[in-house]
Amino acid sequence: MTETADLQEWRVTGMDCGACAAKVRGAVEALPGVDGVEVTLMNERLRLRLDTATTSRESVEKAIRRLGYGVSAKGAAPEKPKGGFVLPEGALPAAGETDETPAVESAPTPPADPAWYATPKGRYLIVTGLLLAAAWVVELLVGGPIAHWVFVLVTVIAVAPVARRAALMARARMPFTIEMLMSIAAIGALFVGAAEEAALVVFLFAVGEMLEGLAASRARGSIRALADLVPKTARLATGERIREVPADSLAIGQIVQARPGDRIPADGTIVSGSSGVDESPVTGESVPVLKEPGDAVFAGAINTEGELRIRVEKAAEDNTISRILHLVEEAESARAPVERFIDRFSRVYMPAVVGVALLAAIVPPLAFGAPWETWIYRGLALLLIGCPCALVISVPAAVAAGLSTGARRGLLMKGGAVMETAAKTSLVAFDKTGTLTEGRPQITDLLPLDGTEAELLATAAAVETGSSHPLAQAVLARAEARGIAVPQATAATAIPGRGARAEIDGAVWNVGAPRLATETGVLSASDSATVHRLESAGKTVVAVFTPERLLGLIALRDEPRADAAEAVSTLKRMRVSSVMLTGDNPVTARAIADGLGIEARAGLLPEDKVTAVRDLARDAHVMMVGDGINDAPALASAHIGIAMGSGTHVALETADGALLRDRVTDVVEQIRLARATMANIRQNVAIALGLKGVFLVTTLLGLTGLWIAVMADTGATVLVTMNALRLLRFKAEANDI
């Protein structure tokens, strides 16, 4: 690769199984100047690094079109494969468009799925079926040599498109494809006198191909359906005037109207009105949530009651749905280790089975004088068993279904590798504030020791002005509620894990943990006793002081989330341990932990949390759950980091996954979904290898023939895909895995 190598991306249409993706990957990897090839089946994406000085984009596109697939630049209208199989959901240029149609900003919305018989695969199946039926009519009415030659003609006509595709693959240096094996088997059967069975085999192949296409379409459509959650238009309010505009044209700061029953067109903040908002399309939360001025809302959520005016906070390409779609799209590139292993295995498996088929065809006749026709026939049947389609699709189909199911319930994971890691979780390390607790502490006690409550609150608020920490927000909210004038502070700075410091009227004031006041020397023994009493009640205490003067103490309490104890208890039943990691003092942490039934490690600075996670990871498979901001180092240190926090940028980008609903029990559901996905993958691999293994033996023994071999291939592919689609209906509550 030279410095001219650049990341390039295309959309490839016509792929409907793992072998299709492998063919595209193989074709472009053979080109000079190509590196880092990624082909993802479910979102039809090809991404690679290309040295354009060696190979042009046009050369890459030509190589893909030679295989019979359509290819178009990212963002352009998808191209219909010439003579190839297309996806049932359409998403192709409208009538009258040509290859010269200019690219558009985004692909058009796919129309409703056409009936199976309206697809190219469906039409191929119908034609093949009619030809086979006609041949059987001739067999019944005439019989004899005429019927035999009719079956030969039917086989040749039906296998011609398959043979053409096989030739294209062979020219691309990929001889071991199902099309090639199918062509050899069908034509070879004609030479051993099995014309009727050859025609039936081609028909069964067409059935399997059509079913594969429909199954792939359903899996892909389940992910793309997320895009339909956001309305295409929005009601833009400009003064007293309201006009309808495209939702993707909305700019940050504009005001939109959401009437009862409308879907909210953008992520934003309510500026007027109150209403129940159904966020289930985004978070999976089934009960509408009351939203009032100041509350945030998601694009795609449904306004159920009153009129709302909403200020747009994020552009269309940056709203929650778009980020979920982007995350799911990127997740498919992060292949699970088991998927990478199967991909390597399949590259050896297919040539090995072809070798066995060749030996089966020639060794018995040459070594033992067995009939050539019998063993050539069995060798041809073995060829069909050699296709690894079912094996290759077994993992990505399950992972795609699992990711889609999770995304619909607000459970986001960045790919198959993360899914596999989550399934192995044996210990969950929870952050306390904002994770196990609501993250909205309230002031319970104001204890001025050298001044008044108003002075204590005003000084603390001045130091905390501008801070986003939950404790700071609680202090600022109380000062605002009481109408207290907050003095101007300068040189404000945070003391990580301990508090904040600022200068007020020439004096340096600290608002922080009592241990900081103790180190400064302003906390007396009686004050320490007061601190201990408050902390024993599960409260967090902060001291407000200068190096010479302790102004007072403020006690706050952050209540545990309603479902936190249930989540910890359920994890225990699943044989998953839990521990709480917090920077809070040990006494307060113990009071919270005892109520939840969880172990606690307290007094941890951010770097201490990293050390604790690494220590835990030596003996367990650790999932760290935090807010995605302050806990970023710890999230990165765990085997898997999960961020809570309503789909913020940090929540989606910092960790390996995110929980949109701010529910602790979603940690349980995420682990269950991951385990169910991995169980589904194991089932798929067993189906794929089991069927082929059984028919490999029965074919060698002469118990099964060509048509059963076809069922072993296409039937297994359909079975594993349909089994993977069961995950779309997965209900975690019913599975205590």
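The values are calculated or read from the model by the stated rules, or taken from the named source; none is laboratory data. The structure displayed is predicted, hence computed values, not measured ones. All Cβ positions, even for glycine, are placed from backbone atoms using ideal geometry, and neighbour counts span all protein chains on display. Accessible surface is based on the protein model in full, side chains and every heavy atom, while ligands, DNA and RNA are left aside. Shrake-Rupley method; radii C 1.70, N 1.55, O 1.52, S 1.80 Å.
A few notes on this one:
- The set of residues in the stretch 51-67 that are touching a residue at least 40 places away in the same chain (Cβ under 8 Å) and open to solvent by 10 Å² or more (accessible area, probe 1.4 Å) comprises 52, 53, 54, 57, 61, 66.
- The requirement of being at pLDDT below 90, over 25 Å from residue 477 (Cβ atoms) and within 27 Å of the chain's Cα centre (by Cα) is fulfilled nowhere in the stretch 267-277; no residue meets it.
- Within the stretch 452-496, being open to solvent by 40 Å² or more (accessible area, probe 1.4 Å) and closer than 22 Å to residue 519 by Cβ holds for 469, 471, 491, 492, 493, 494, 496.
- Test result for residue 503, open to solvent by 30 Å² or more (accessible area, probe 1.4 Å) and assigned to a helix (DSSP H, G or I): no
- Selection over the stretch 19-75 of residues that are under 24 Å from residue 178 (Cβ atoms), modelled with pLDDT of 85 or more and among the hydroxyl-bearing types (Ser, Thr, Tyr) gives a count of 0.
- Any hit, the stretch 231-245, residues being open to solvent by less than 30 Å² (accessible area, probe 1.4 Å), modelled with pLDDT of 85 or more and part of a loop (DSSP other than H, G, I, E, B): no
- Pairing residues of the stretch 514-543 that are of a type in the set (Asp, Glu) and modelled with pLDDT of 90 or more with residues that are outside any helix (DSSP H, G or I) and open to solvent by 60 Å² or more (accessible area, probe 1.4 Å), at Cβ distances under 7 Å and at least 6 apart in sequence or on separate chains, gives 527/449.
- Residue within the stretch 465-482 that is touching a Lys or Arg at 6+ places or on another chain (Cβ under 6 Å) and among the β-branched types (Val, Ile, Thr) present: no
- Number of the exception - residue 639 against (1) in contact with a Pro (Cβ under 9 Å, 6 or more places away or on another chain); (2) surrounded by fewer than 24 Cβ atoms within 10 Å (Cβ to Cβ); (3) at pLDDT 80 or above: (1)
- When residues of the stretch 592-605 are limited to those that are modelled with pLDDT under 85 and closer than 18 Å to residue 437 by Cβ, the one surrounded by the fewest Cβ atoms within 10 Å (Cβ to Cβ): 603
- Among the residues of the stretch 606-627, those that are modelled with pLDDT under 90 and crowded, with 23+ Cβ neighbours inside 10 Å comprise 609, 626, 627.
- Residues that are assigned to a strand (DSSP E or B), surrounded by fewer than 23 Cβ atoms within 10 Å (Cβ to Cβ) and of a type in the set (Asp, Glu) within the stretch 429-451 comprise just one, 445.
- Identity of the residue in the stretch 128-145, touching a helix residue (DSSP H, G or I) at 6+ places or on another chain (Cβ under 9 Å) and open to solvent by 80 Å² or more (accessible area, probe 1.4 Å), that ends up nearest to residue 186 (Cα to Cα): 136
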